[in-house]
Amino acid sequence: MTTKLRRRYEAARRNGKSERGAALVVAMFLLLLMSFVGIYALDTVALDRQVAGFQNRKRIAFYAAEAAVAEALDSLETTGTPSVGGGNMGDTTLYPYGTPSYAVDPTVANPIAPIGAAGSEGMNLSIGQGGAAKFNLQTWRIQVQGTEPGGTTARIEIAAQRFNGN
């Protein structure tokens, strides 16, 4: 080793003895600080997962309520009166922890009720019969709910109309 490098080495060695573990204390402090940051990050991730789970349950319950609305609108179109028989969505392959269900809203006295009918003037499509044909718009209030297997509930209220010709 050259003399110049040896002097530097000796000087660094002498200065290192006077530090008395300051580098170790600083390193331990930084490790402690990083541990706190890591614990906080894990706590935040756990909270985010919990919120995402709640949102997923609410979304499944809403989709079940939408299925009830679709059933009511289908029966309104085919029979002229909306009805919801209730039921389950999907199967155990798609929902291994239980299937979402839907039904009319049990918290309402009349979940499916006619709101009223309004007449509407139509075009005169028949020649020689005089006057324009009358049409009727029957309006229904439909209130349904969907329930996710864990018990989360979503409620939907709609107003639907059926166009009836007289």
Inset, instruction - For region 50-104, calculate the relative contact order in percent as a whole number, restricting contacts to Cα pairs under 8 Å that are 6 or more residues apart. - result: 33
Inset, instruction - Report the label-to-label distance for ASN56 and SER83 in nanometres (one decimal), using points 7 Å from each Cα along the Cα→Cβ vector. - result: 3.7
Inset, instruction - Once you have the Cα-Cα distance between LEU24 and LEU42, take 0.36 nm times their residue separation minus that, and quote the gain in nm to one decimal. - result: 3.8 nm
Legend entry - Label point 7 Å beyond Cα of ALA109 along Cβ direction - residues of region 136-166 with amide nitrogen under 17 Å: 141-143
Inset, instruction - Give the peptides 68-77, 35-44 in descending order of average Cβ contacts within 10 Å, highest first. - result: 68-77, 35-44
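Read the figures in this text as sums done on the coordinates, not as results from a lab. Owing to the predicted nature of the structure, the values given are computational and were not obtained by experimental measurement. Here the Cβ is made from the backbone with ideal geometry for all residues, glycine too, and neighbour counts use every protein chain on show.
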